[in-house]
């Protein structure tokens, strides 16, 4: 199984453990990831907020290159990049916008790529394999946290259910975990303000951590590097706003599955977390 | 109170019909930052519905448009499917254009500008450069002093930017969009 | 309404009495506005509509026609709309082969409760036909009809 | 040459505001064959009709065109006027200048020109009109009422009391419908069952009413005055002629955990069951889906218990046919379940209820005997939240309409809660309070002022459970969008009223129209609220749109009067819009070649074979003939006929060609 791969900036920098775990897991599941050549940043929230054409041109270049490379399907583990690429595809269905972007890029763009997130990749190409290869069941009570970008806007992304999504929960059950029902699965953690308004981030992320911790979660499972950095690296600031400091780790779904499949903690980048992972 | 064309411009650019809002308040009820905002989303919609310049300026000058995280909870639950996040994007652009900025916008804008600068020159996000530029723009020298060294130790910070080849096209994209004075941009 | 230089197509709508005629009445009761180009001819059922009538309309200078009745399963007479649909599917190929511009025939379902759908149907059809321009090639149709000896006294 | 009279109506200003009616009359007056053309403010008024009658006589008119409203509105009026003046009524046609012209276009030259075209079209048609004679058909004076809720009960009793026979069919094992599930009714707070059960009993005992419960309509054929209804009597597995209703079988039935429909899923019932103690008939049926015997082939405990041997294991569904002259549709409505609301808990929180479930909790006959207790743990909720407009007025959820009854029943629920739970706190989240009705607004004020119900204007974004509490995230829009969070013990959703399941299929069986939400459509929104577009079929109650009890009862009585009026005739006059096969003098006899394509097209089996025989009795030809008693006038045969030998009166080829030609030749 061969599939295109767009890691995005976070996965090469502050969230490199996500990249490491995706790559390690893909290898274990015999999925070959073909990285898009000379990819650029998707523009993230900044381009989206500052200039519409820029916010469309940056993802369009990525997808144009992937098309040129002969890829038909691309997995995008970063929820923010996934969202931007899918939204751009949708916006560029408009002939006027597509024409303008082609003019800016001076590259052909067809919009034919299938963009999927990491959960979709695992559901489509891995569910059976994962089940067969579990060697140490992930026997932990965890809270799956989806955030905003994976599920909204539902009308365009068409992924999972918008309230109370289940795809990550069922993967956790496949590896022997106990995923619980909780209240903040899709509430925003404030990652957009991770640098500019750390006070607000601490408040929003605090609500999420508190609910999961109150219900006895041993870990938060995520599929978004923005959420992970926010809930992990900002833990010091978050804990200052809480009555009781919370020390539950925030780990990627790929790391959790990797552990169940017997992949080493180092290889999965678990040592790179700020909050110690002791599972 | 004088009527203005802002609402029809807004509809033209975003496709949002403010008249459709029937003030149920479900957006405000579910907004994670409503309590921090000068005007929660439903109130903001009502201000727009009045159609007056006075209320429109009130919105541009408010912190609401800058505090919106585009998490889209409001849109996901809105019975009338009103795209408030898209509206917020537009209002932010207008706020910058008319230079009617709430003080809360400053660090947020500074971050976005630093971010875009970073990718303009390096194609990809260069986090060390971004943080340095942001600090320079906001004079928040001490922020994140505790985190950065740990990040470095954990292998999460690169001292040098990633290698990216197609810099020429990246420059062109910026020149044609955000730096193009003919298009609408802050 | 529209500027005098713009082409104003002539469109005839063949509709059934129970669904679309009533739906168009509802458009009126709801005061929804639409273009004046379309004129309705009332039939008891779309099953009654002979497709030769459409040809005759084109031959006489219609630029477009609408055929509209009840939704599937909703026919007042049980199955007339199914017959009309079957006939339309069969005739479409034949008409196309004959050189009739089938883009000028709009086949639709509008129920008695769909006043706004009727307004949309009229406006969209008028816009489409206007874009296609006058149906100048209808002589072909006229010739065919003459050859077949089909006229109004038939 | 024809002598046609044309009468253009202003309809007050409804037509004349956008159409230059004087110009229409003037231009039509100049048409060939038009002898007289005038315009007048109200053609349908008495003086307006008199103009027509006098003109018919004075000018010897042989055709009349009235340019006014929709023929669906006033065609009978003007045809009657013509008939009174001695003109065959089928020589009178209407041009629809209001619904199809003045109301849908702005005032302009084009609008007036379209109006002229529409009138011209009908003038050309009238020129080809032939005098027709109405068809007389007998009336079967027996009514079929479908649905045994309060609407069906009221309609049945009212029709039966006029002396006519009624067949009432009900899908469930008992009549009573939703009203039997309600606790108390607004705005008087009288007990629902106390006022309903006497009427249920009356239905069962009325000599003119034949009641079939556990029965559904299979098909309906025919037309006004002459319907044939096939009714499926579902197998009850109990012989009602011997069953005494003692209930011993129910006591002994081992399958006890089936969610009770009557208690909206909050209580349980057995497999052999009577839905509720006051059921009519008060005899059980076996639910074959859940019965051990039907599922596994063993048990039969009920049979052993039954002292009169009433259990009939092998009983099969039975189809009976009844001839009726009129039908009243009273199939009611349904409410959306809590699983329709992902943001309010997807039906996964036991203490998030629908309004109907709350009715059962508040009802003395309910699972808690009228005490408000949480389904999850049986405790009494100290804080309760009611969410109005749950699904209603929510286009994103596909229900843009207001369900009309929820504002009132929510006020009632909050009031009942405050009466039953002393010291309890109730909050209602609402968007608007729609309390139009006698004593309704006063009732809501009483809830707020005397019973201290906390009304908060705003919608709730979400509900989630934490530590046994339901956290309700709401908003107060009157405080500029201030968030309100309540830790509630119970949440009641005033879920939207929707069309009953199966209503679409039923409408299709009956050929009545329905709206996009599957509620049955009335013939006219104001003037024919209980009629359908299909003559002889009437509507009562919430199957037409959500409505409360007084409105339902009023509508049911209205439908009953319509039925009674129909039955006051021994014969009905039907429009002669039927197909005819042409007949010519010998030796041609007809252009019909006897291919009988018409026969395959006809949905009514109205095509007969007519043998044409010579003087010696030898068969010359077989041609088609239309049975006008069966023909409904759809005209499908006309489009099918290869030799153009069959035509439909009132819409002949000649007539429709004349219309089309008039539109195109100007």
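Does residue D:209 satisfy being in contact with a strand residue (DSSP E or B) (Cβ under 9 Å, 6 or more places away or on another chain) and at pLDDT 95 or above? Taking the combined requirement at face value, the residue satisfies it. Count of region A:233-276 residues, restricted to those that are closer than 22 Å to residue A:23 by Cβ, assigned to a loop (DSSP other than H, G, I, E, B), more than 19 Å from the chain's Cα centre (by Cα) and more than 12 Å from every other protein chain (Cβ to nearest Cβ), is 5.
Residues in region D:531-550 that are assigned to a helix (DSSP H, G or I) and closer than 15 Å to residue D:196 by Cα: D:549, D:550. Going by the conditions given, is residue B:43 at pLDDT below 95 and either assigned to a helix (DSSP H, G or I) or within 16 Å of residue D:473 (Cβ to Cβ) (or both)? So residue B:43 does not fit the description; no. Determine, yes or no, whether residue D:654 is within 9 Å of another protein chain (Cβ to nearest Cβ), under 36 Å from the mean Cα position of the chain (by Cα) and outside any loop (DSSP other than H, G, I, E, B). Judged against the criteria, residue D:654 is not a match.
Within region D:369-397, if we keep just the residues that are free of Cβ contacts under 8 Å to residues at least 12 places away in the same chain and assigned to a loop (DSSP other than H, G, I, E, B), the residue that is farthest from the chain's Cα centre (by Cα) turns out to be D:378. Just one residue in the set A:176, A:206, A:190 is within 12 Å of chain B (Cβ to nearest Cβ) and farther than 26 Å from residue A:84 by Cα; that residue is A:206.
Just wondering, is there one or more residues in region A:84-100 that are assigned to a helix (DSSP H, G or I), facing another protein chain (nearest Cβ under 10 Å), modelled with pLDDT under 95 and under 16 Å from residue B:177 (Cα atoms)?
Yes, region A:84-100 contains a residue that is assigned to a helix (DSSP H, G or I), facing another protein chain (nearest Cβ under 10 Å), modelled with pLDDT under 95 and under 16 Å from residue B:177 (Cα atoms).
Of the residues making up region D:604-627, those that are surrounded by fewer than 18 Cβ atoms within 10 Å (Cβ to Cβ) and part of a loop (DSSP other than H, G, I, E, B) are D:605, D:614, D:615, D:616, D:617, D:618, D:627.
Being facing chain D (nearest Cβ under 7 Å) and on the phi > 0 side of the Ramachandran plot is a condition met by no residue of region C:12-30.
Of all residues in region B:106-144, those being farther than 25 Å from residue A:236 by Cα and more than 9 Å from every other protein chain (Cβ to nearest Cβ) number 3. Put simply, of B:48, B:10 the only residue that is in contact (Cβ under 8 Å) with a residue 40 or more places away in the chain, assigned to a helix (DSSP H, G or I) and farther than 25 Å from residue A:44 by Cα is B:48.
Mind listing just one residue for me: the one in region B:29-45 that is farther than 20 Å from residue B:7 by Cβ and touching a residue at least 24 places away in the same chain (Cβ under 8 Å) and, of those, nearest to the other protein chains (Cβ to nearest Cβ)? The selected residue is B:30. Of the residues making up region D:456-470, those that are facing chain B (nearest Cβ under 7 Å), in contact (Cβ under 8 Å) with a residue 40 or more places away in the chain and not in a strand (DSSP E or B) are D:459, D:460, D:461.
Would you check if there is a residue in region D:495-516 being more than 30 Å from residue D:640 (Cα to Cα) and touching a helix residue (DSSP H, G or I) at 6+ places or on another chain (Cβ under 6 Å)? Explain how you work it out, then say what you get.
Looking only at region D:495-516, we keep the residues that are more than 30 Å from residue D:640 (Cα to Cα), and these are D:495-503, D:515-516.
Then drop every residue that is not touching a helix residue (DSSP H, G or I) at 6+ places or on another chain (Cβ under 6 Å), which leaves none.
No, region D:495-516 contains no residue that is more than 30 Å from residue D:640 (Cα to Cα) and touching a helix residue (DSSP H, G or I) at 6+ places or on another chain (Cβ under 6 Å).
Only residues that are touching a residue at least 60 places away in the same chain (Cβ under 8 Å) and in a loop (DSSP other than H, G, I, E, B) were counted in region B:69-96, giving 3. Quick check, is residue B:101 assigned to a loop (DSSP other than H, G, I, E, B) and out of contact with any strand residue (DSSP E or B) (no Cβ under 8 Å at 6 or more places or on another chain)? Taking the combined requirement at face value, the residue satisfies it.
Of the numbered criteria (1) within 38 Å of the chain's Cα centre (by Cα); (2) in contact (Cβ under 8 Å) with a residue 24 or more places away in the chain; (3) surrounded by fewer than 20 Cβ atoms within 10 Å (Cβ to Cβ); (4) under 16 Å from residue D:123 (Cα atoms), the one residue D:75 fails is (2).
Selection of region D:471-516 for residues being surrounded by fewer than 19 Cβ atoms within 10 Å (Cβ to Cβ), within 15 Å of the chain's Cα centre (by Cα) and within 9 Å of another protein chain (Cβ to nearest Cβ) yields D:504, D:505, D:508, D:515, D:516. Restricting attention to region C:45-61, the residues that are at pLDDT 90 or above and either more than 7 Å from chain D (Cβ to nearest Cβ) or surrounded by fewer than 24 Cβ atoms within 10 Å (Cβ to Cβ) (or both) add up to 1. So which residues in region A:1-39 are closer than 30 Å to residue B:149 by Cβ, within 11 Å of chain B (Cβ to nearest Cβ), out of contact with any helix residue (DSSP H, G or I) (no Cβ under 6 Å at 6 or more places or on another chain) and surrounded by fewer than 24 Cβ atoms within 10 Å (Cβ to Cβ), if there are any at all? Of everything in region A:1-39, those that are closer than 30 Å to residue B:149 by Cβ, within 11 Å of chain B (Cβ to nearest Cβ), out of contact with any helix residue (DSSP H, G or I) (no Cβ under 6 Å at 6 or more places or on another chain) and surrounded by fewer than 24 Cβ atoms within 10 Å (Cβ to Cβ) turn out to be A:12, A:16, A:20. The set of residues in region D:92-123 that are more than 10 Å from every other protein chain (Cβ to nearest Cβ) and surrounded by fewer than 23 Cβ atoms within 10 Å (Cβ to Cβ) contains only D:107.
Restricting attention to region D:124-169, the residues that are in a loop (DSSP other than H, G, I, E, B) and farther than 17 Å from residue D:180 by Cβ total 12. The condition of being under 12 Å from residue D:592 (Cβ atoms), in contact with a strand residue (DSSP E or B) (Cβ under 9 Å, 6 or more places away or on another chain) and assigned by TED's automatic domain parsing to the domain that holds residue D:590 does not hold for residue D:620.
Anything in region A:111-135 that is assigned to a loop (DSSP other than H, G, I, E, B) and loosely packed, with under 11 Cβ neighbours inside 10 Å? List them, or say none.
A:135
The combined condition, being closer than 30 Å to residue C:143 by Cβ, touching a strand residue (DSSP E or B) at 6+ places or on another chain (Cβ under 8 Å), at the interface with chain D (Cβ under 7 Å from one of its Cβ atoms) and not in a loop (DSSP other than H, G, I, E, B), is not fulfilled by residue C:65.
If you take the residues of region A:40-65 that are outside any helix (DSSP H, G or I) and under 18 Å from the mean Cα position of the chain (by Cα), which of them is farthest from the other protein chains (Cβ to nearest Cβ)? By that ranking, first place goes to A:42.
Going by what's in this entry, would residue A:146 be described as assigned to a loop (DSSP other than H, G, I, E, B), crowded, with 24+ Cβ neighbours inside 10 Å and at pLDDT 90 or above? The answer is yes for residue A:146.
The values are calculated or read from the model by the stated rules, or taken from the named source; none is laboratory data. Since this is a predicted model, take the numbers as computed values, not measurements. Don't worry about glycine lacking a Cβ; one is built from the backbone with ideal geometry, like all the others, and counts go over all protein chains shown.
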